[in-house]
Structure formats: C-alpha cells, structure tokens
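Read the structure below first, then the notes.
Read-outs: derived from the displayed coordinates by stated rules, not from any lab. This one's a predicted model, so the numbers in the text were calculated from it and none came from an experiment. Here the Cβ positions follow ideal geometry from the backbone for every residue, glycine too, while neighbour counts run over all protein chains shown.
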C-alpha cells in the first residue's frame, strides 16, 4: 500500500514541480533524477562506487545529438543512444568489475578521462571544446511545457522500470552481493556477472538521461562528459541518501537548487557546498532523505517499518 | 634531431619526477589507509601557494621549499584526525564525498586568500636562467629539479626500506590487519602516512611552481594524472608509482615531438593499454 | 527487505513543503523594470574574471543611475562556472523567473555558443565579449552581438605592428592552442603573414590548459625564428611566456601574445619574464581618450587603485553597448534595441566603432602593446604602452556569417 502512496506522491511532485522551480531547472532535475536513481542501483543496492558515470551520460548525449543532427527522428535517436551506452557499459564494465574497491573507482575514473579526451580531440564529430551545437528539438516538444511533459513521461517510465528491477529477484541478488559477496559466490551466484549487470543497468539509464539532456539546451556541452560531472552525479546521489529508492531524487533537487541559489548569493559558493557535503558525511550519512525521515519521526513516531530499514543500512555502513 | 630527443628526455624526466612524487604520495594513502584521496590535488596546490607566500615574505626560495610542504603536512594531519579517521569504517563513497568536499573547501579558501588570479614564483637568481650543456641550452632550474626530485625519491626509498616506520608502512599496504595484530597503534601509523602523502604532494606543488606558475585550479588539473599513475603502477606499489610517473612524463615528452596535440591523450592511451594487457598494473600484485 | 518506494508518503509531502520553501527565494519580476543579466564565471577555471567583469558592468549602470528611458534597471548576475551546461541552465532560469531581456557575458566559446542558442530561442538580446568568432560568424543570428574585435582584424593588427617595430624580422614560429578558435586564428596568421614579408617556419599545437612548454620551446628554438607568435590565452599563454624566458628566448627575441587580455595576463608575470613582449589586446587602460579616463578613474576608485583590465573593460563595454541601444531606440524591447544598434556609428572609451548589420560585429580598434623594462616602469601597473591601433575590417568574403536571418 505504501508504495502506492509514494507513487501517487511522486506523480503529485511531477505536477507541482513546474510551479516550484523554473521550467529549465525542473526538467534538468528530472533528467538527473533518472541518473541518480539508476546510479543508486549500483551505488546503494549493489555497493559499487563508479566515478565514471558522466562517460555514459555524455557519450549517449553525443550519440543522440549526432543522430538528431543527421536527421534521424527522436524515437530512433533515444533508443539507439541508450543502446549505445549499454554496449559501452558492457565493454568498460568487463574490465572494471574484475577489480574491487579503490581500484574499481580508479579504473572508472580513468576511463571517464579517456572518453573525455576522445571527445575533446575528436572535434569533427563532437565539436570538441565548443560542444555539439545546433541540435533542434522536434516540433511536437518544442515548447517548454510539452518538453517538460515529455521528460516527465520518460522519467516515470525509467523510475517504474528501475523499481521493477529493484523489487525483482535480481534486486535481491544485488543486495546480497553488497552485504556479503563471498557468500553470494558460495551460494552459486557469479558475482562478477551480476556486478556487470548492475553496472550496465545504471549506465544504460544514465545514458537514457543523457540522450534527453541534449534536448534541453539544444546542445551537448563538453563538460557533461568531464570527470567533475561524474563527481556531481555521485554527490547528488549520496546527498539524497542511498538508503531509499527515491532518496537520490531529493538529492538531485536539493543539489541543483542549492548550487543555483548559493551561486547567486556568494561567488565562493562551492565552499558552502563543500561544507554541506562534509556535514552530510560526518553527521547525516543517510543523506537528506534520512534527515527528513528522522525529523518526521521525531514529530510522529509512527513508522515502524523504517526501523527495519535503518538496521539494514547500519549493517551496510559499519 | 638528437638534441631535440635529448632535451625531450630531460623535459619528460622533470615532469615525470613531479608525477612520481605526487603519485607516490597518493599510493601511500591509497595503499595504507585504503581511502580514495580526492584531496590530493588540492594539497599539491596548497604546497605551491604556501611556498609562494613564504618566499615573498622571507625572501628565501629555499626556506619556502623547506617550510611549505611541512605546513601542508599540518593540513594533512588536520584532515586525517578531524575527518578521515572517522570514516575508515565507512564505505568508499562517503570517504570520497568527504575528501572531495575538503578539496572544494580548500580550493575556495585558496581563492579567498590569494585571489582567483594566478601568480608566478620565480626561482632564485642562482637557479634561474639557462645553462649551456654544449649540445643544448637548458634551464638551470629544471636540471636542479630533476636532481633534487631524484634525491628525494632515493631518500623516500631508503626510508621505506631501511627504517622501522617504513617497514610498518609497507606492511600496512600488504596487510593492514597484520599491523593491528602486531600491537602497533594504527591511528598513529595512519596519521603519519597521510602526513607523508601530504608532504610529497605539497613538495611537488612547491617545486612545480617556478615552472608552471600558480592557479587555484592547479589541484584539479593534477588529480586525474595522480590517479592514472596509480592505475598504471598497480594499486599500492611504490616502486611502480615512481616508474609509472617517470614513464608518463617521458611519454608526454615523446608525444610532443611527434604528436604535439596528443600530449594529454597519451597519458590515457598508456593507461588503456595497461588495463587491457596488464589489468593489475605494471607492478601490481593485488 | 522490501524497500518502500519512499519510506512514507508523508515524507514526500515534507519534501514538497521543503521545495516550496526553496522557491520562495526566487523573486517575481516587475514589468516596469528592464532586466539585464550578467552571466560571468565567478567560480571555475576563469573565476578571476567574473567579479571584475561584474564591476565593470556596474560602473556603466551607475553612470545612468540604474535607470533608462524612465525605467528602473534591474541587474542580476549568474555564475557561468565556465561550463556550458550550468551557464545555459542559469540563463534560461533567469529569463523565466527574472524576466531577463538582455544578456551580457564573456569568455569561453563553449559557454558563448550555448548561451547564444538560449538567446535565440527566447528572443533576448545577447552581447558577447570575445573568445570565439562564431557569434559574428558561423553561428550568427539576429539576437547576438560581438564586442571584441574580429579575430582577423586582431591578427592583421598584430602582424602589421610587429613588422613595423621589427623591420628585419622574417621568420615566425607559431604556438597554437588546439581548439576551434585557435585554428581560426592560425588560419588567419598563415594567410596574412606573407603580406607583411613574414614566413611561418613552424607550427605547434598544444592542448588547452597545457602548462609545460619546454618541449615546444626546444623544438621552436631549433628552427631559429625571429619571434614566437603565440595563439593561446590566459594561463596557457602565461606559462609559455614564463618558460620562453627560462630558456633564454626572451628578452633577446620578441614573443607575440596575439590575443591577450593584456593587463590581467601581464600582471601575473614577473617584470623580468615579461620583457620584450608584443601584446595584442582588445583593451588596455592607458588608451588615451576622455571617456576611457573617466572609466579608469571610476574603476580605480572601486578597486583600491588597480586599473581595469580586459575583464573590467568588457563588462563596462558590453553594458554600455546595451544601454546605447536602449537610449537610441527609446525602447527596452530587444528587437527595437537591436535594430537601433545595427549600422550604428559612434565613439566610446575604446575609440571609434561601428556595428555591422550583416553580422553584428562591432568594428573597433584592436590595440598592440609593447611591454616595458623593469627600470622604465613608473609603478607596478605601468607594464606596457600602446604602440599602435588598427581597426581594419575583416573582408566580407571570408566572414562566415552569410545570412544573419530575421527576428
């Protein structure tokens, strides 16, 4: 039942969102919402930290942008770009999942840089430093409103698909790997294979988001494939909290809103963001979603189920 | 052509020595503490900025080179004892988030203190200008840099292989639990390791300042290179990091002769080849 | 084990309440004001220029007391981070929530090309300072203007004045930053050099953000050129100059910084390292006319005696141009302002200028400076003198803006 309510709440958010935030901002929030929620499949559910998600976001944005520039229709560009990031994620994942922990972080980070420089040098295709410009939105989603509706529908589609994955047996295997990889191996699961699947799912949906991103400002800026973007993706996800399915979405909304707001107030706003991140890590490791949850619990201690989840989270963190 | 190649080898060596210094620092922190130190680049930047200010205030370049890395160690100690220490049991994601947050904070503090515009730090008159080696003219400071960095690397190597603390550090990379079992205070070991890593980053930053100048973003520029050094070397291998650093510097030098546009790409090509043909890194065991 | 979609629905509502609180801060614009956006890099790799540009723009606004045609001017700023993505998002956000009708902004071709698309789509006017020639070239459109001199004009001026100062020079060696704008400048230099009796004896392209030039320098020195001609900017150029000096190339032979911000770049170099540089720039604070003197005085007052560099001047110039269009048209509607500016001839703090209607290029002087030796400097900011200016317009047939389109 609860899931149903949350789903309704999410729908309400999609309707209310455009009144809370400027249109371009809320659209971008939804797109990065897909990124963060899917990254959480890998980060929160499977316990793998990839520092190279911008690679898939950017590559897919380039593919979709190039196809649109080449005159292909949108309903072809988006699936092919998504498929493209799926294939690349299998290739890169194959090398990366062999390693664990820090080495996995280093590898994904380094792959990200490699793709960044490919995009940077390959000017004839990607536009290099200038970015890929002049991508036109199809007429039927050209207004801000129709484009928002389009993005919201894609967002819902992605969220439902990801939710199905999380609640399927596959999702349970991911959690098992996170909790105890050697046990999973002992039971007979091929841990590397499932890690690769998890990596691919996250990367494919990140790619889907990338293929939508190109439509917002009719271009692919080169910074969307830079490793700093990968950092942003991780921070948004962690900021929201990896403990719940929709937590990362709050992270995205908070992160984009805070960075836009602080950047108006003080030119040295990254300092404030740094302080907030540090505080989150040291004191509110569950992210904003857990913070809100705790605040809520203080006022009305009714939720019994969350305690159980709390336990799961604590075992993960300790 | 010969003199071109020789000068490129010298250039590559100079650059490679700097990479080796920061790379070894990162390897130590990664290996012993098992945390992704995303604040490593900003410690490098801090080393350069502190050296700049000390050199301007005291008028002594050498004193600046001596003191600034030590001040960076102090910052490293603060980072370790106030933040990182509480995160050893947390997942890498939180460690990364925290260290990156520290990097943001320190970088912005650099901008607040020193301003967003870059500076030059001049080498002292005794080290500036060029020397005629007979077959080519080469800046004095760079030659000194190569020799000094080499000397530091030898010192570091002796420290790690000939002293007790060095042995503990190496043991920590091999097997952290073993160190605990032996009854050694792990907290102190971790603190010193982080300090040593910070020292090397700060030193490299200070040494690079007369060549590359100072900018607030210099830390972000060097960070990916540090990680590539670690990947090519193999996680936790100190000799590996030294050799990988120098190799990367040399290959960048070589690239400028034949494909000048690709001087940045060559780093990642090397890394890609390593991943494909020797996934554990050149000297990696794990 | 079953994760709930969200731990509870009420939590979601809390989230929405939170969101509402967030959005209260975004203000709603009033229709009797003119809203102008300054989109500058306050953070990121060009963080230094944001504040300076902003101050320059504010000086122009203070001159008119923040009113134009009887309307209040509401001036807002956003951080571009020198990243095209956030810059475009914030530009769009400012248009949507602040009702911005005019955008001024400098730096980075990537950011400019993103923002120019936003301007076109939203029908707001965009005055850009410099860093790509596409704004008045390949990507020109009715809503975008270019303030800096055309790249061709600049290269022509550099070569012409360099040759005049060094009549015996024959061979030049090029350092070129490896991206579109660098290539454009290289193309112009290679086509113009023979006209001034100069031969390009070698070209090296280096990546953007390169800090290590020793390899290029040794290569260049082996060709024994009379000068190194640099087509790179900011820190790249500064690092290269510093290292050319380390290698003993300067001050024996000159180095040309062909497209420099002038003041900001020179101040980062030690006087010894900046001897014998020939610097092409869109602005230098010693430009001798009353309007510039007035601006420099106002600027110095704000910055404890530090004179303006290119960033400050760009902010001032961009805002002046925007205000000029409003004054001339008597309107604050972008389309009327744009029409008023087209083919306008005038004089301002950089000298005589014209705005071409066919490509929206501001045809204006480009300044070539010669740096001073340490013992010639009267104070720490007295780094160079303007040797000459040139405003030769780019020939129409090589301009990439073939059709500027309509509103």
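Can you classify the stretch A:189-267 as rounded, prolate or oblate using the Cα gyration tensor, where a ≥ b ≥ c are the square roots of its eigenvalues, rounded means a/c under 1.5, and otherwise it's prolate if a/b beats b/c and oblate if not? In terms of gyration-tensor shape, oblate. Using alpha carbon centroids, what distance separates the stretch A:80-112 and the stretch A:1-78, in Å? Computed from Cα coordinates, the inter-centre distance equals 19 Å. A crude spin-label estimate for the pair residue A:94 and residue B:258, with each label 7 Å from Cα along the Cβ direction, gives 2.8 nm. Each residue in B:114, C:147 was given a count of other beta-carbon atoms within 10 angstrom of its own, and listing them fewest first yields B:114, C:147. Structural descriptor for the stretch A:20-317: relative contact order 33 percent, calculated from alpha carbon pairs under 8 angstrom and at least 6 residues apart. Taken as Cα centroids, the stretch C:353-407 and the stretch B:251-276 sit 38 Å apart, rounded to the nearest whole angstrom. Calculated [222 nm] ellipticity per residue, helices only, for chain C: -12500 deg cm²/dmol; basis is -39500 (n - 2.57) per DSSP H run with n ≥ 4, divided by all residues, nearest 500.
Of the beta bridges DSSP finds with both residues in the protein assembly as shown, what % are antiparallel, to the nearest 5? Here the share of antiparallel DSSP bridges comes out near 40 percent. Mean-square fluctuations from a GNM of chain B, with a 10 angstrom spring cutoff on Cα atoms, peak among B:222, B:257, B:54 at B:257. A simple spin-label model places pseudo-atoms 7 Å from Cα toward Cβ; at residue C:400 and residue C:223 they are separated by 2.4 nm.
Rg/Rh for the protein assembly as shown (Cα atoms only, Rh after Kirkwood) is 0.96.
Peptide C:39-49 has a mean of 6 when you count, residue by residue, the C-beta atoms of other protein chains within 10 Å of its C-beta. When C:121, C:142, C:378 are sorted by how many other C-beta atoms sit within 10 angstrom of their C-beta, beginning with the fewest, the order is C:378, C:121, C:142.
Considering only the Cα atoms of the stretch B:114-160, their convex hull presents on average a projected area of 5.8 nm².
Share of Cα-Cα pairs in chain B beyond 25 Å, in percent? When all Cα pairs of chain B are counted, 46 percent exceed 25 Å. Largest GNM mean-square fluctuation among C:315, C:248, C:105, using chain C with Cα springs under 10 Å: C:248. A simple spin-label model places the labels of residue C:336 and residue A:282 5.7 nm from each other, with each point 7 Å out along Cα-to-Cβ. For chain B, a Gaussian network of Cα nodes joined below 10 Å ranks B:75, B:230, B:22 by mean-square fluctuation, and the top entry is B:75. Where a ≥ b ≥ c are the square roots of the eigenvalues of the C-alpha gyration tensor, would you call the stretch C:264-349 rounded, which needs a/c under 1.5, or, failing that, prolate if a/b is larger than b/c, or oblate? In terms of gyration-tensor shape, prolate. The helix-only estimate of mean residue ellipticity at 222 nm for chain B, built from DSSP H runs of length n ≥ 4 each weighted as -39500 (n - 2.57), is -25000 deg cm²/dmol after division by the residue total. Please say if the stretch C:178-218 is rounded, prolate or oblate, where rounded means a/c under 1.5 for a ≥ b ≥ c the square roots of the C-alpha gyration tensor eigenvalues, and otherwise the choice is prolate for a/b larger than b/c and oblate otherwise? Cα axes put the stretch C:178-218 in the oblate bin. Each eigenvalue of the Cα gyration tensor of the stretch A:20-317, multiplied by 5 and square-rooted, gives one semi-axis; in descending order these are 30, 24, 19 Å.
Our note on the geometry: Cα centres of the stretch C:52-76 and the stretch A:231-283, 33 Å apart. When the P(r) of the stretch B:73-206 is calculated, the portion above 26 Å amounts to 45% of the C-alpha pairs. For chain A, adding -39500 (n - 2.57) for each run of n ≥ 4 DSSP H residues and dividing by the number of residues yields -25500 deg cm²/dmol at 222 nm. Among A:6, A:203, sorting on how many other beta-carbon atoms sit within 10 Å of each Cβ, with the fewest leading, yields A:6, A:203.
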